[in-house]
Structure formats: structure tokens, C-alpha cells
Amino acid sequence: MKEYKTINKIAGPLLFVEKTEPVGYKEFVTVTLSNGETKRGQVLETSKDYVIVQVFEDTQGIDKQTYVHFSGEIIQMPVSGKMLGRVLSGIGTPLDGGRKIIPEDKRDIQGEVINPYSRTLPDEFIQTGISTIDGMNTLVRGQKLPLFSGSGLPHNEIALQIARQATVTGEEESFAVVFCAIGITQEEAKQFINEFERTGALQRGVVFLNLASDPSIERIITPRMALTTAEFLAFDYGYHVLTILTDMTNYCEALLEIGAAREEVPGRRGYPGYLYTDLASIYERAGLIKDKSGSVTQLPILTMPGDDKTHPVPDLSGYITEGQIFVSRNLYRKNVYPPIDVLPSLSRLMNSGIGKGKTRADHKALSDQLYAGYAEGLDLRGLATIVGKDALTSRDQRLLLFADTFEKRFVMQGRDENRSIETTLELGWDILSTLPEDELTRIPGDILEAHYRRETAEDEGD
Amino acid sequence: MEVSLSSYSSNKEPRIYKVAGPVVIVENLNGRMYDVVLVGRNKLMGEVIEIEGNKSIVQVYEDTELIKPDDPVENTGTPLSVELGPGLLTSIYDGIQRPLPLIAEESPFIRRGVAIPALSREKKWTFVATREVGDTVKGGDAIGYVDETANFRHHILVPPYAKGTIREIASGEFTVTDTVCTLEDGTNLTLMQRWPVKKHRPFYDKRWPDTVLVTGQRILDTLFPLAKGGTAAIPGPFGSGKTITQQQLAKWADADVIVYIGCGERGNEMTDVLVEFPELVDPKSGSPLMDRTVLIANTSNMPVAAREASVYTGITIAEYFRDMGYDVALMADSTSRWAEAMREISSRLEELPGEEGYPAYLASRLAEFYERAGRIETLSGGEGSVTVIGAVSPQGGDFSEPVTQNTLRVTKTFWALDAKLANRRHFPAINWLKSYSLYQDQVTPTLERSYPGWVTNMKRLMELLSREDELSEIVQLVGSDALPEDQQMTLEISRMVREYFLQQDAFHDVDTFCPLEKQYMMVNLILTFSDNAYRAIELNKHVNEILDLPSRPMIARMKYERDYEAYSKKVSAQIEKDFNELFGGEEE
Ligand SMILES: Nc1ncnc2c1ncn2[C@@H]1O[C@H](COP(=O)(O)OP(=O)(O)O)[C@@H](O)[C@H]1O
Ligand SMILES: [Mg+2]
């Protein structure tokens, strides 16, 4: 057994251990304090002279008398189908007073890289019942689609509404939810757990909780444990797992802390240069695998510091995830729920999940045209505040009105309003038909012929 | 328990001294720069990137977890090389040319330390010799060929530095390692050769690119054309269309061979290409697009050190096909991930950081890479080209960052993606005011010959678009209604250019690829409409009357028409009829 009492330096979450036998990179480490308390960690750097250990809990109480034990293995976590229904801490210990989890297997929490050749392209439409998502930023099974939000905005409500309403049409299959709290407040966590209890989702869910009051450094492993569990449920048990990770910004703060403790050269705005790579090792753990029946769908939530989407956390996330849903402060202030700003939002997998045989043949053209119209309407709204409505041509005035109608009727909906995709698409046509047919250049003629409502247009024209 | 350092072995074998992520320091290696070494008991592949005293710094292409100090290291004594020969096409490799389909046979997850040759050692190819015993051959000369896919002839070339008189040569069925030809000096030639990736393959001479690479993407071909053998940069924030543009080029560009490198990007995007390309038909050859494609995948969750290798592996494969006299197009999505990998390794080496933490050699590495593009005269006197199209992912979408800036200094075509356009679903979201092509003057004379008026048309489009930009500034102050009718008309015509012509839907069966002739006809229709429209304004017609003409929405739908020639005639006739009626109305 490799156990040492040779800590030479402690800096933040890092221990520098000397005079060891060869220790492996990323080895799992346990640290035993003089009072018998143990903490866990991982090897960050290893050489003949010293080993750097990163402790996942706070380093309070660690001194030079502390024993450091190197396991010879990488961090693994016990996994079991019986984890469903359980509430665990950020490092996987039961918090619900329930029994210890008897492992069926142990898994490396770093996960393994899925061979792109072995992936199946996600293409199954998930109906969330929310028009701005289903109609214009469609979620598909196996996608990683984050909510980009800001502090104080109702991203949790939206995530919960999605979790509650998500269905894949025509299928009764095994769903599971893995909920991973990363540094959020007790109240926020309660909101999720209560809701999961109320809807019965908890019985087919696993909760990992790292709260704001828990050691920040734990946050490095919490999402990895959650995803390891999700993958086990998906690829060993065949569940379709929806994984909610919130708040990824807190995760990145923890990385920043470690980087600072290691005195690394920082990348943009103080974050480590490897932030992209690190985030990819989390977000890429979603998808479908050939010959396996389950799937992992990721719904990460992140709050943009200062609502700034160029901040490294949303920026690098957007470069990795398969789109993003923007929660807008502007719409929220106007009492629009859900305050989803469709313009900067995107679902990169939308095109494979919609269309004939999946949603409807007119879906894409309709969505494109709604985008174009709304974007132009918003520009004009800006213009109208400067030059006045009357200085706009009649065409422009219609577009201005269109943007308002779009927000009021299409974007806005009830917290429990679960719209079918047909309802969403028909609503889209209702609104589009307020614009003259000739303006709808994004829509091929046959589709326009089939769906455009001439009566509405004539009423508007009057 | 305390142990002294003496528990470490003290012999002079190469041993690991330190492991920090992908960077491993080895003692007593006695290697040269860029030697490939096998690290640890799993024999993970790595490359020597720095030597200091008896310590060599190695970047390892695989995950180094559980690698320990004192583990053994083996020096292969050769630099990182790729295997070149029949079997490259239709393949998908990782960054160091390991075939992903074969790795997938074991497990859907990528395991470490797998050693599988890039080219199958079992598969037999039909080799047809085109040279005879007694012929003298030199590097770059073809000695025969293999029909690799239904429509692709893979020429078997004498490796660059070999030469001599053929002693033996035979047609027949061979594996890539069988000898197909022996020279007098005893050199055996096989269907396969190796080449170190960091060294460009030699050629006789470089020529100025003068032929357009037809992409079937209207804004590119008509406004910002790329030349065969040229270079292009596509910078843009996330979601602006870098990947789709690259994939569109991989699908529709009129090259003979496509090398597509997924460098540090999404796994699903590579899967997408793998699923889609075998289904799509190359308009030129009639074969599946996959038949002319080589894919290299080092996705964002794969080891960082292999990012750089993926880029070099790709360009070396591209040069190899170029040397056969083919036009090759290479896409790298995204070069920023490669740059970030450099930064990560550099910071582990504690090198002095340059701008934004990137190493000082960022600029020269990028320049060297793009320099490997070009239209060349091959060693055997033929002509081939490598076109390089690099995506750039600027952090925060800010083009002033070092990777974008250093790339723009060495590339000659700039397709600037714009989040504002993408947000309103104007695709391709290429900003027409910021983009440019320095090949325009070289490639347009040929276009002009096939399509008279091409150059004037292009200039008129650009004028319209920049006039629109000026006018919209005025609109911001006074509103659109206050503009005189002719200026309102300009805004409407340029809207037609943007919406009817520039916007192109990559996901529409017909619109995804637009032949040059169709582009030409579309522009002609818009400009004909425009000429008539201004005349009508002069005759005191109102903008609204003109906008209501039935020919206008007809032009809009031209992009979706497969039989564009017939449709164009129809629209043309309608324009004539519309305006005749309008002008006729005046005379009454
Ligand atoms: N030419 C195009 N036609 C239609 N849609 C496009 C086009 N280019 C981009 N898009 C849309 O934009 C999304 C993002 O494009 P992508 O190329 O993945 O962006 P990036 O690589 O810059 O992040 C795509 O998923 C697609 O919906
Ligand atoms: Mg991309």
C-alpha cells in the first residue's frame, strides 16, 4: 500500500507530496487527517520528486501530519440500477437516509470517449410543449442543449417544465432523470426536488447535490458522477436519460480556483486555457450509441455573468453544445413567460429531428420565416423608437405588429401549458398569415399554398 | 511509511520522470526532436517536442491516466508518419491515422494504446502496371494504378527521393505491402509509402492559382470565389455556420478528393458526415460523395496533443493525392482548437506566453500550414492542387484575437461569418461587406468567357449592397418612408439580392447546390428586374406598384427550381410582360 506522511506544501486545494514511490497520473487519493476524518482527491501531476494532489473537499484540517494514500486506480464510482429514486451528495454519498448503494459495477467517472464511428445521429423529436423550443429550436433525443440564462431569471422553471412535459410521440419507453446541482442554493435545489416528488419523477430519477454551501472543489466531480450514472442507466439499462446540470458557471469557477492554486498561466479573463477541453469532456458525454437502446440527453443550465454571452463560460459552452436556448432579461421584464429569446437561440440538431414523418413537412420553412419576420420586426421596433412609427412604410408597420403578436401569442404561454407540435405549428401559421404572402420568401410555393391563411391576411390588409 | 528516492531504478534506460496531462518528461531518452516514442507499459504514442540535458519532453497523443514516473519508454527513432496508398478514400481516421471503424470493433468507446495500421494489410488491390522493365523512373513518376473506388484512379507513384531503372514490375492482385516493382538498385516499391507529416511533400514548382473552385454556394462563387490551390479562412462565433459551410464545400466543391478534418469539434458532426456522405451523389462523377473523401476525427473529447497531429496528417494525405495530379480540397474545422492545443502544451512546458497565452510560434505554425496549400507542378510534370479552407473559432466572436488575425495574414480568401445574420436565419451568414477574395482577378476571366457579363454583374451586386448599407444609415435617422422613391427602390432591390440570391439553404434538396449557370441566370433576372424598376421610377411609377408585380415573387422561388433553365425563361417572360403592362398603363 502506498501511504505517505510527506506533505510538503498545501496551497488551496492542492497538496504537494514528496518522496513517494511511482504514483500514476490521475490516481485516486484518500487523505486521512489525524482525527480520522478522510477526504478524497486525485493526482494532478506526478514526478520523481513530488506529486501534486488535488483534494475534492475543502482542505481544512489538513496538515503535514496527514496521511496520503494512493490507490493505484483512477476514480471510480459504484453504480447500480437501484440508484433510481435516490438523493446523493456531490460526491455520491446518500443524503436521503436510505441504505448504502450496493454496487453492480464500478465506473471511471471521467467516462470514455465515444468513437464517432459508433455514434448514432440523434434524430428523434422530443416534444417539450414549449412553442419556442418545439417550433423553432427543436430538442432531439441525445442532444446537449443548454439554457443560457442570467441570475434571477426563471431558467429553473423552464427546465422543470421541459422535464415535466418532455415526451417522444408514439412511444412508451423508460425515461429517467438525473439531476445534478452544482453550487446552487438550498432553495433552488428544493424547488427541483419538490417538483420531482410531486410529479413522481423522483422514483425514476437520481439526484446529486452540491450546494452553494458545499466545498466548491467538489464541483469538479459532481457533474462527472451524474454523467457516469446517466451513462450507466442509458447504456446498460436502456433508459432515455434526461440530465439536468445546473449551474455550469459554478463548475467553471471551481476550475478557475484550481488553476489559480497551481499558478497556471490563465487564458481569457482568468479562466484556465484548457477550459474548452475540460467542458468538452463533460458536454460530449451525451448522445446515442449504435446497438444500444438508451440515450443521454443533456440540459445544462448556466448563468452568464453580467448577462454577457461573450463571457468564457457561455462562449466556450456554445462552441461545444449542440445549440443553446437564451433566457432573456428583456422579455422577462415584459412579463413574457417563458422569456426565451429565439434569435440567438439555436438547436443544431433541429434539422434532423423535424420534417415529414417526424413533425411536419412545413416545419422548417415556417420556422425560418418566423425567424426572419421577428428579426426584422425587432429592428423596426428599434427604428420606430427613434423616427416614430409613422415614418415607417406600411410594410414595415406590419412587421412591427408581427413582432408584437409573435411575442404575445407564440412565445408567451402558461407554466403548465403543454402545447402539441400541431398546436405550435398552427399558431405559427396564424401569426405568419398576418404578413402578405409575397413577403414570405423563405417558404417554398407548395408549402405556402397548403398552409397560408388568405382570410387572415385580408383582414389584416384592411 | 517513508521511502527514499532510491526506490526508483537508477539504470540508464529511458524512463518517465514526470507526467502532467499530455506532457511527459522522459530521462535518458537519447532521441531526436520529433521522434515518435512509445510511453509506458501501454505503449502510448507520443512525440519528442523539446530536449534539455538528459530530459526529453514528449507530448502524448493519448490519455496519460495512470502513467507513472519510472515507467519505461521506447524510442521508435522515426518521426510521426502517415501511410499513403490505396484504401485512404472512404476512411475515417483519428488524429494519428488509426482507423476508427476497426477500433470500434472492440468497443464503441476508444481505448488507449491500440495499434492498428492505417491501411489494411489483408485487402488485395488490382494493380495495373503502366511502366515496363528497363524504364527509368524517378520520384513522383507513376508506375501504375489501382482503381480505388468506382470512379477514382489511384496512381502508384515512385516515392519522392527514389529513382532508378525498373528491374521487375508486374500487374496483378497485391496487398499494400507486397512488392509490385523492383528497381535495379534493389529498391522495392509497394502500393503504399510513408511520409513524415510535418514535412511537406516535394514538388517541382508552384503556380499561381487561376481556376475557380466551384462550390455551388452562390455568395462564394459569385462574390468571393476561391481558387483551386488557394486558401480561405472562415472565422465566426459559435452557431454562425462554420461547420455547415465547410460541409457544404466538402459536399459540392468540384475537387477530385476531399480531406475533412474534424479538429477538436463535436463527435456528432463527424458521425453526421459519415452517415450523410455515402448517401449523397457527387454531381461530377455520379458516385457517392464518400468515395472521394478521407475523414480525420480528433473530436473535442479526444486527446489534445493529437489535435496538431490531425491537421498534419490531413494535409500530408492531401499532398499525396495532389502529387497524382488531382485537385484536392482540405477543410479543417476548427484551426482554433489546434491553436488552443498548442497553447495548452506550451503552458505545460512553462514557455513564455505571447498574446492571450498563445505561444510565440503560433503565427509561424499557421503560416507553415497554409503554405502547404497551392497549385503546383508535380515532380513528374503534371499539375495538382491542394486548397485549404480553415475554420476559425474566435473566443467571444472577436476577430481581433490572435488566431483569426494570424490566419488572415496568410490566407487569401476571407469569408466573415456574422452572428447577426445567423440570428435572423440569413444563411450562409457570410457578411458581404467584410468578406473578400484576392483570387477574384485571376479566376474571373474564365468565368467571363463562359458567362458574358459575369464580372459586371458581380460589381453591380456589390455596389447595390454597399449602397444599401449607406442608405440604411439614413433610414436610421429619418425612417424609410422619407426616402425618395429611387432610393427606396434601391433598398428593395438589394433586399431581393440578399433574400433571393445570397440566402441559400443547405438543407433544401435543390437549393443546397447551385450550379454556376443557375447563379448567373438568377443574377441576370434580378438585374433585369432592377433595370426595369428604375426606368419605371423615372416614369413616375410608385415603388409599391413595382413590388406588387407577379414576377418579383417568381424570382424569389427560382432557387428551389431544379429545372432552372425553363423556369428562368418563364420568369424572364413574366418580367417583360409585367413591365410592358406597367409602362403601357402610362401611355394609355
Ligand atoms: N448554409 C446554411 N443553410 C441552412 N442553415 C444553416 C447554414 N449554415 C448554418 N446553418 C444553421 O446554423 C446552425 C449552426 O451552423 P454551424 O455551421 O454548426 O455553426 P458553427 O460551426 O459556426 O458553430 C446549423 O445547425 C444550421 O441550423
Ligand atoms: Mg462548428
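Values for this structure:
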| quantity | calculated |
| --- | --- |
| Hits in region B:294-328 - residues which are touching a Phe, Trp or Tyr at 6+ places or on another chain (Cβ under 6 Å) and part of a strand (DSSP E or B) | B:Leu295, B:Ile296, B:Val328 |
| Some residue of region A:26-34 being among the basic types (Lys, Arg), facing another protein chain (nearest Cβ under 8 Å) and in contact (Cβ under 8 Å) with a residue 24 or more places away in the chain | yes |
| Top-ranked residue in region B:320-338 [being within 16 Å of ligand 1 (Cβ to nearest atom) and among the hydrophobic types (A, V, I, L, M, F, W, C); ranked as nearest to the other protein chains (Cβ to nearest Cβ)] | B:Trp338 |
| Any hit, region A:446-455, residues being within 14 Å of another protein chain (Cβ to nearest Cβ), touching a residue at least 12 places away in the same chain (Cβ under 8 Å) and part of a loop (DSSP other than H, G, I, E, B) | yes |
| 1 or more residues of a type in the set (A, V, I, L, M) and in contact with a Lys or Arg (Cβ under 7 Å, 6 or more places away or on another chain): qualifying helices (runs of 4 or more DSSP H) within region B:452-557 | B:516-538 |
| Residues of region B:236-272 that turn out to be among the acidic types (Asp, Glu), within 12 Å of ligand 1 (Cβ to nearest atom) and more than 10 Å from chain A (Cβ to nearest Cβ), as a count | 0 |
| Enumeration of residues in region A:13-25 that are in contact with a Phe, Trp or Tyr (Cβ under 9 Å, 6 or more places away or on another chain) and either part of a strand (DSSP E or B) or at the interface with chain B (Cβ under 10 Å from one of its Cβ atoms) (or both) | A:Phe16, A:Val17, A:Glu18, A:Lys19, A:Thr20, A:Glu21, A:Pro22, A:Val23, A:Gly24 |
| Residue count for region B:350-363, restricted to those that are surrounded by fewer than 18 Cβ atoms within 10 Å (Cβ to Cβ), assigned to a loop (DSSP other than H, G, I, E, B) and either within 18 Å of the chain's Cα centre (by Cα) or within 14 Å of chain A (Cβ to nearest Cβ) (or both) | 6 |
| Residue within region B:202-210 that is more than 16 Å from ligand 2 (Cβ to nearest atom), within 30 Å of B:Pro159 (Cα to Cα) and touching a helix residue (DSSP H, G or I) at 6+ places or on another chain (Cβ under 6 Å) present | yes |
| Filter result (assigned to a loop (DSSP other than H, G, I, E, B) and charged (D, E, K, R)) within region A:255-275 | A:Arg262, A:Glu263, A:Glu264 |
| Tally of residues being out of contact with any Ser or Thr (no Cβ under 9 Å at 6 or more places or on another chain) and farther than 15 Å from B:Leu89 by Cα across region B:286-298 | 1 |
| Residue within region A:258-270 that is among the aliphatic types (A, V, I, L, M), buried (at least 19 other Cβ atoms within 10 Å of the Cβ) and modelled with pLDDT under 95 present | no |
| Residue match in region B:364-372 (condition: part of a helix (DSSP H, G or I), without any contact (Cβ under 8 Å) to a residue 12 or more places away in the chain and within 16 Å of ligand 1 (Cβ to nearest atom)) | no |
| Number of the condition not met by A:Gly306 [criteria: (1) surrounded by fewer than 22 Cβ atoms within 10 Å (Cβ to Cβ); (2) more than 9 Å from chain B (Cβ to nearest Cβ); (3) within 16 Å of ligand 1 (Cβ to nearest atom); (4) in a helix (DSSP H, G or I)] | (3) |
| Residue identified as over 26 Å from A:Phe70 (Cβ atoms) and modelled with pLDDT of 90 or more among B:Gln59, B:Gln97 | B:Gln97 |
| Test: residue in region B:558-569 that is closer than 22 Å to A:Asp396 by Cβ and in a helix (DSSP H, G or I) | no |
| Entirely in region A:62-179, the strands (runs of 3 or more DSSP E) that have 1 or more residues that are of a type in the set (Ser, Thr, Tyr) and over 26 Å from A:Phe192 (Cβ atoms) | A:67-74 |
| Given (1) surrounded by fewer than 19 Cβ atoms within 10 Å (Cβ to Cβ); (2) away from chain A (no Cβ under 13 Å); (3) within 14 Å of ligand 1 (Cβ to nearest atom), number of the condition B:Lys420 does not satisfy | (2) |
| Sole exception among (1) within 14 Å of B:Leu183 (Cβ to Cβ); (2) modelled with pLDDT of 95 or more; (3) of a type in the set (A, V, I, L, M, F, W, C) for B:Ala162, by number | (2) |
| Search result, residues across region B:275-300 that are among the aliphatic types (A, V, I, L, M) and more than 16 Å from ligand 2 (Cβ to nearest atom) | B:Val275, B:Leu280, B:Val281, B:Leu289, B:Met290, B:Val294 |
| Selection from region B:34-73 of residues that are within 14 Å of chain A (Cβ to nearest Cβ), in contact with a Phe, Trp or Tyr (Cβ under 8 Å, 6 or more places away or on another chain) and hydrophobic (A, V, I, L, M, F, W, C) | B:Leu44, B:Leu66, B:Ile67 |
| The one condition in (1) within 16 Å of ligand 2 (Cβ to nearest atom); (2) buried (at least 24 other Cβ atoms within 10 Å of the Cβ); (3) touching a residue at least 40 places away in the same chain (Cβ under 8 Å) that B:Val259 fails to fulfil | (1) |
| B:Met270 being more than 16 Å from ligand 2 (Cβ to nearest atom), touching a Pro at 6+ places or on another chain (Cβ under 7 Å) and in contact (Cβ under 8 Å) with a residue 40 or more places away in the chain | no |
| In region B:74-121, residue surrounded by the fewest Cβ atoms within 10 Å (Cβ to Cβ) [restricted to those that are hydroxyl-bearing (Ser, Thr, Tyr) and more than 9 Å from every other protein chain (Cβ to nearest Cβ)] | B:Thr78 |
| Enumeration of residues in region B:375-413 that are within 14 Å of chain A (Cβ to nearest Cβ), small (Gly, Ala, Ser), more than 15 Å from ligand 2 (Cβ to nearest atom) and touching a residue at least 12 places away in the same chain (Cβ under 8 Å) | B:Gly396 |
| Spans of helices (runs of 4 or more DSSP H) in region A:322-402 with at least 2 residues more than 16 Å from ligand 1 (Cβ to nearest atom) | A:329-333, A:363-387 |
| Qualifying residue in region A:328-337 (condition: within 18 Å of the chain's Cα centre (by Cα) and either in contact (Cβ under 8 Å) with a residue 12 or more places away in the chain or farther than 20 Å from A:Thr424 by Cβ (or both)) | yes |
| Scan of region B:387-411 for residues that are charged (D, E, K, R) and touching a Gly at 6+ places or on another chain (Cβ under 6 Å), ordered by number | none |
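The values are calculated or read from the model by the stated rules, or taken from the named source; none is laboratory data. Note that the structure is a prediction, hence the values are computed from the model and not measured. Note that we place each Cβ from the backbone using ideal geometry, even for glycine, and neighbour counts take in every protein chain shown.
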